[in-house]
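A quick write-up on the structure given underneath.
The values are calculated or read from the model by the stated rules, or taken from the named source; none is laboratory data. Everything numeric in this text was worked out from a predicted model, so none of it was measured. Because the Cβ atoms are built from the backbone with ideal geometry, glycine has one as well, and the counts that use them run over all protein chains shown.
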């Protein structure tokens, strides 16, 4: 919907003319919009009809909501339908230099770590407005989400995914560090970026970056969490990097290859970039792979160590039907945990105990079924992101801690949840079959 | 471990483990480095493996007790490459490994002291021309000059790799925990000194090193169009100040709310 | 004819006994050397037997009288029989005395027989079931053969003589040479020598009425790198420890007292001692006739004097067992209930810790969280792995005086590792409040304090214990204080009884003792506690280890509490399950020890159980039960009863934080 206010001189005239037969109808809605309480008067002043403000409440009394909630609701369909994309478009035609970034892109999407890293790359590229650099992203996986422009990428070298255009290459799929490093070396030869930035993330950039640095003969900075301009340094930049397993901060000149931690810089948010595709003239070289990826190993979520698990379904005193609980954990794909009482009573093995006296867990989602939340247990789940409590007692400590608490019979709720997940899977399956 | 099945020891696997002096994160006391100790554990659980430990670095009272931590895992001795403080140990280590020619070199991903960049195994691999595998969770089998290993992915997932030997593999905290270090074997164990010339690491001494600062917590920056939105964002209740409580809902409603949360968090597999 | 047969019988029995004794002594001598004053020990033996041992036996009056009659009659009868029948000196009073002695013994053996008719489960069966008959055979046989000797009856024909000789021979076989050849009467021979050469002579009372007590573990010599680290094989025990095992009479009082046995954990102190006897001689435990380790059938374990007691983990993986399984040793809570009950004064806990030492120091195999706890103790000086610099964080608002500043104080308040535990912090706050109310000049070590080493030592890590202890002693050395007060009985015991060997000698009080003194001295102004029914749980390390049963009860009395004592209290108090690193090694059983203890509490009907130990508090509060009694430390009860404004100290206006909600 357009934001331009279209004036209708005839309707305005009728609104001014109280004797006009259509006057009343027009007064109520002078512009034909759904905002009858306010309208711009003929002299440009805003006119208000206080009687038209508000709404009739449930018990017949007129209510005026000044919190703005109502207004926001009425506006949604109105003039300000879509927030306008105010981001500046940036297209660097002839960059002075390149900052190469190799994002991890887990699942084909830029991770927040990748975005932070791109933000850091932009700091390097945009430092001198006279001689702007361009951020080159080297991507080995088939992107699922084309948000490269928003993340601050000027040039995009896409090597991954066996695309029909022949640009992609299945050699880079899975764990193929040797092939990837060889490709990065080809990039180095052809494009010679001034900086190489990689995320210092286990099994992603951390591995690849170190291989690259060694191949290039550069001493990289690792675990970098901040960069600053530094005129004294050869590269005009210095960085602060964590050393000694996070125990020290080392301030040193920024080398050509750097691996940075998450939140090393603010991600790009105010500009959109061209993300122009580039290609290597020669294509990545063939290498003899000495490491062969035989694929993922099916890991039974129940067997995952508690400390590593990301989704835990934990059972306590309130679980009565253990068969149903184990079935629920299996179908949800959750790792099983337990409170001390459940372990002591022999329903669960000792290595499944969560809490200060058991295992400290770091799950993304922790579902506590029938656990009242002894202090030792709550200590053990301190670093869980989302806690869901299913409990009969609405006043227990676990409910107070939980981000979402459902008060009711654990067995019934679990059964309903299992049914829901099964339905969801079936639908997904049908969608896929249909597609 | 189900490796008690008597397999004829056709070829003994020669494994070298590179160990360093660790540092406790709270008290900074010298100890066996956690990842290195896990590497030793992995080597010790390999069937028919001849395990040799190598440490390159200083040997003083402090590091002695830490290194004895490895001996306490049941090893008779540690090969000791004495190097001055702040030396680059890569050339010396590479020379020793070339002479010893193990089939597999295991080590922790990164040291707990010094630069701790985790670059050493890569440099060694480059010097020796061997492949390197990271994040080892288990060695499944070694045969015909190839090792089949499991690599640990985040959240308990595993990936199977086959790597040509000789190779270097690093171990992170996803590998099985190291066995207890016992006082008796630690006291009895010895050091086999070996001398190699050290190379001074000049760059490191030029850097400014200080105890780690706490990193500033990232603030949530709200880019809002209107003053009202900005106010709302600023005045929003801090997270965790009490969650949503569904009381008196039917099991289906409760399950739906939970399912929604699980889906938002992306922990429900699609198939 | 009897005149010729009897001397032959008696002297051949004695000769066989002598041969057996030499063989038995050689079994004991397999053990490591341990210097003992031989003559002084033998001289002290009668007193140790008649006073200390009898004191324990006399806890069961019937058994005590039975034993006096049987054993006293036997000793007298045996000596007189040698004189009368062996040497043929039947004249005068001697024969009559022998008649009286054997008659007494016969009376005693009747009681023994009665007890064996329906023996309780704790008694061993097997050869022990024939003992009353053997006793009767001996006493009756001697009695009858003595009758002609004193001229009451004429000597019978050769058939009668043969029958009588056979009966006497049976009696002699069991009671004289059976004594040294491993029969049930072995306990008399080995027991007597065990009392004489006991490895803890301090245990026994002295003539001046001093009550003997010796409960501190003995230190390993870590300087000598040839000295074995703990006990690997039966022969690694000292010879007098082996002798002590041999003295076991299999009465099963230890079994009845053992909390781990009651909880169904695989430990039975009696079986453990018998296993050591089996190992000392070599063989399998198949002939053991008492209750087994719960869940472990008899006959699957065997050992030899120089073979390992516990199989290495690699051997275990192949299904091989040795004499004892490791989990048996790790089930012990070191509560000393077995030692307290043992009439033969055998030191079970010493033996268990000796064997644990080898498992930890040589095998490197402390189960479950044990290894982690020990690593934490080494790296951070506390079992939880907390930052040692944060020891005093809980008391940030209390402004506790630091020893480092004051250098001198009347009382050094030893806080213990409870500083990291939110529950115990409440106890500590209460204790500080009381000390301030009584205007006590005290100071704390703050971040300088370390774990006392108790847990490390009970888990067998002598090296870490000695390291912690030596550093603590060095920390304490420059400060001047008259005594140490602590609310942790484990620290209390270690500081008081186990630091001495390493050069740290202090006067240490448990807080209940100290509070009792303050109350006696009138330094505390207390109002009566609000009436609720209260019982008191004796911490093992305060009661059995240090004999302090009275002070906590006196303190509670001063609060106007009338105690409802549990059936098992005082020296028979049941462990909470928290000692000896048992919660860390966490050996599964059929039920949990603290649950059993809270059942004891429930039986008294008490609404509140007063405790004096952070470990007990944690264990008992961890019990999930409906209508569980409240658990409160004595310090908390006293702090609650303080009459604030009348207190002589200026502490009355301090904010009360001890009831604060603990929030995460």
Inset, instruction - Please work out which one of (1) within 11 Å of another protein chain (Cβ to nearest Cβ); (2) buried (at least 24 other Cβ atoms within 10 Å of the Cβ); (3) over 30 Å from residue C:429 (Cα atoms) is the condition residue C:365 fails and give its number. - result: (2)
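One line per residue, one yes/no per condition, for (1) within 13 Å of residue A:336 (Cβ to Cβ); (2) in the same structural domain as residue A:352 (by TED's automatic domain parsing); (3) modelled with pLDDT of 85 or more:
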position: A:283; (1), (2), (3): no, no, no
position: A:288; (1), (2), (3): no, no, no
position: A:292; (1), (2), (3): no, no, yes
position: A:306; (1), (2), (3): yes, yes, no
position: A:309; (1), (2), (3): yes, yes, no
position: A:313; (1), (2), (3): yes, yes, yes
position: A:316; (1), (2), (3): yes, yes, yes
Inset, instruction - Output the qualifying pairs, or none if there are none: Cβ atoms under 6 angstrom, residues six or more apart or on different chains, first residue in the stretch B:242-257 and within 7 Å of another protein chain (Cβ to nearest Cβ), second residue modelled with pLDDT under 85. - result: B:247/A:394; B:254/B:246; B:257/B:246
Inset, instruction - Return yes when residue C:69 is closer than 15 Å to residue C:145 by Cβ and surrounded by 19 or more Cβ atoms within 10 Å (Cβ to Cβ) and no when it is not. - result: no
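So is residue C:378 within 25 Å of the chain's Cα centre (by Cα) and farther than 28 Å from residue C:432 by Cα or not?
For residue C:378, the condition - within 25 Å of the chain's Cα centre (by Cα) and farther than 28 Å from residue C:432 by Cα - is not met.
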Legend entry - Evaluation of residue A:235 against (1) away from chain B (no Cβ under 12 Å); (2) part of a strand (DSSP E or B) (one fails), failing number: (2)
Inset, instruction - Just name the residue that is farthest from residue B:22 (Cα to Cα) out of those in the stretch B:54-65 that are touching a strand residue (DSSP E or B) at 6+ places or on another chain (Cβ under 6 Å) and crowded, with 21+ Cβ neighbours inside 10 Å. - result: B:54
Legend entry - Candidates A:212, A:203, A:198, filtered to the one that is within 11 Å of another protein chain (Cβ to nearest Cβ), within 29 Å of the chain's Cα centre (by Cα) and under 21 Å from residue A:108 (Cβ atoms): A:203
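Being within 14 Å of residue A:275 (Cβ to Cβ), surrounded by fewer than 22 Cβ atoms within 10 Å (Cβ to Cβ), touching a helix residue (DSSP H, G or I) at 6+ places or on another chain (Cβ under 8 Å) and assigned by TED's automatic domain parsing to the domain that holds residue A:101 is the requirement here; does residue A:118 meet it?
Numbers: within 14 Å of residue A:275 (Cβ to Cβ): yes; surrounded by fewer than 22 Cβ atoms within 10 Å (Cβ to Cβ): no; touching a helix residue (DSSP H, G or I) at 6+ places or on another chain (Cβ under 8 Å): yes; assigned by TED's automatic domain parsing to the domain that holds residue A:101: yes.
Against the criterion (within 14 Å of residue A:275 (Cβ to Cβ), surrounded by fewer than 22 Cβ atoms within 10 Å (Cβ to Cβ), touching a helix residue (DSSP H, G or I) at 6+ places or on another chain (Cβ under 8 Å) and assigned by TED's automatic domain parsing to the domain that holds residue A:101), residue A:118 does not qualify.
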Inset, instruction - For the stretch A:383-423, name all the residues that are without any contact (Cβ under 8 Å) to a residue 24 or more places away in the chain, more than 7 Å from chain B (Cβ to nearest Cβ) and assigned to a helix (DSSP H, G or I). - result: A:419, A:423
Legend entry - Residue list for the stretch A:294-306, filter: surrounded by 15 or more Cβ atoms within 10 Å (Cβ to Cβ) and more than 9 Å from every other protein chain (Cβ to nearest Cβ): A:302, A:306
Legend entry - Checking residue C:283 against (1) at positive phi; (2) touching a residue at least 24 places away in the same chain (Cβ under 8 Å); (3) out of contact with any helix residue (DSSP H, G or I) (no Cβ under 8 Å at 6 or more places or on another chain), the condition it does not meet: (2)
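This table checks each residue for (1) surrounded by fewer than 24 Cβ atoms within 10 Å (Cβ to Cβ); (2) touching a helix residue (DSSP H, G or I) at 6+ places or on another chain (Cβ under 7 Å); (3) in a helix (DSSP H, G or I).
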residue	(1), (2), (3)
C:473	yes, yes, yes
C:481	yes, no, no
C:492	no, no, yes
C:541	no, yes, no
C:547	yes, no, no
Legend entry - Selection from the stretch C:338-362 of residues that are within 18 Å of the chain's Cα centre (by Cα), within 14 Å of chain B (Cβ to nearest Cβ) and at pLDDT below 95: none
Inset, instruction - Identify all residues within the stretch A:330-373 that are surrounded by 19 or more Cβ atoms within 10 Å (Cβ to Cβ), over 30 Å from the mean Cα position of the chain (by Cα) and within 8 Å of another protein chain (Cβ to nearest Cβ); write none if there are none. - result: A:340, A:341, A:344, A:357
Legend entry - Every residue from the stretch A:174-196 that is surrounded by 19 or more Cβ atoms within 10 Å (Cβ to Cβ) and more than 20 Å from residue A:142 (Cα to Cα): A:193, A:195, A:196
Inset, instruction - Could you look through the stretch A:250-293, keep only residues that are surrounded by fewer than 15 Cβ atoms within 10 Å (Cβ to Cβ) and in a strand (DSSP E or B), and pick out the one that is farthest from the chain's Cα centre (by Cα)? - result: A:277
Inset, instruction - Would you check if there is a residue in the stretch C:200-209 being crowded, with 19+ Cβ neighbours inside 10 Å and either outside the structural domain of residue C:579 (by TED's automatic domain parsing) or outside any helix (DSSP H, G or I) (or both)? - result: yes
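State whether one or more residues within the stretch C:519-528 are within 30 Å of residue C:375 (Cβ to Cβ), more than 24 Å from the chain's Cα centre (by Cα) and free of Cβ contacts under 8 Å to residues at least 40 places away in the same chain. Reasoning before the result, please.
Taking the stretch C:519-528 as the starting set, the residues that turn out to be within 30 Å of residue C:375 (Cβ to Cβ) are none.
No - not one qualifying residue is present in the stretch C:519-528.
Any residue at all in the stretch A:123-130 that is in contact with a strand residue (DSSP E or B) (Cβ under 6 Å, 6 or more places away or on another chain) and away from chain B (no Cβ under 14 Å)? Can you show your working first?
Step one: list which residues in the stretch A:123-130 are in contact with a strand residue (DSSP E or B) (Cβ under 6 Å, 6 or more places away or on another chain), which gives A:124-125.
Checking the rest, the ones that are also away from chain B (no Cβ under 14 Å) come to A:124-125.
Looking through the stretch A:123-130, at least one residue is in contact with a strand residue (DSSP E or B) (Cβ under 6 Å, 6 or more places away or on another chain) and away from chain B (no Cβ under 14 Å).
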Inset, instruction - Run residue C:375 past the list (1) in contact with a helix residue (DSSP H, G or I) (Cβ under 8 Å, 6 or more places away or on another chain); (2) part of a helix (DSSP H, G or I); (3) more than 28 Å from residue C:182 (Cβ to Cβ) and report the number of the one that doesn't hold. - result: (1)
Legend entry - strands (runs of 3 or more DSSP E) within the stretch B:49-164 that include 2 or more residues within 10 Å of another protein chain (Cβ to nearest Cβ), within 21 Å of the chain's Cα centre (by Cα) and modelled with pLDDT of 90 or more: B:132-143, B:146-152, B:158-164
Inset, instruction - Go through the residues of the stretch A:247-254 one by one and say whether even a single one is within 12 Å of chain B (Cβ to nearest Cβ), without any contact (Cβ under 8 Å) to a residue 40 or more places away in the chain and on the phi > 0 side of the Ramachandran plot. - result: no
Legend entry - Count - residues of the stretch B:166-198 that are away from chain C (no Cβ under 14 Å) and either surrounded by 20 or more Cβ atoms within 10 Å (Cβ to Cβ) or assigned to a strand (DSSP E or B) (or both): 13
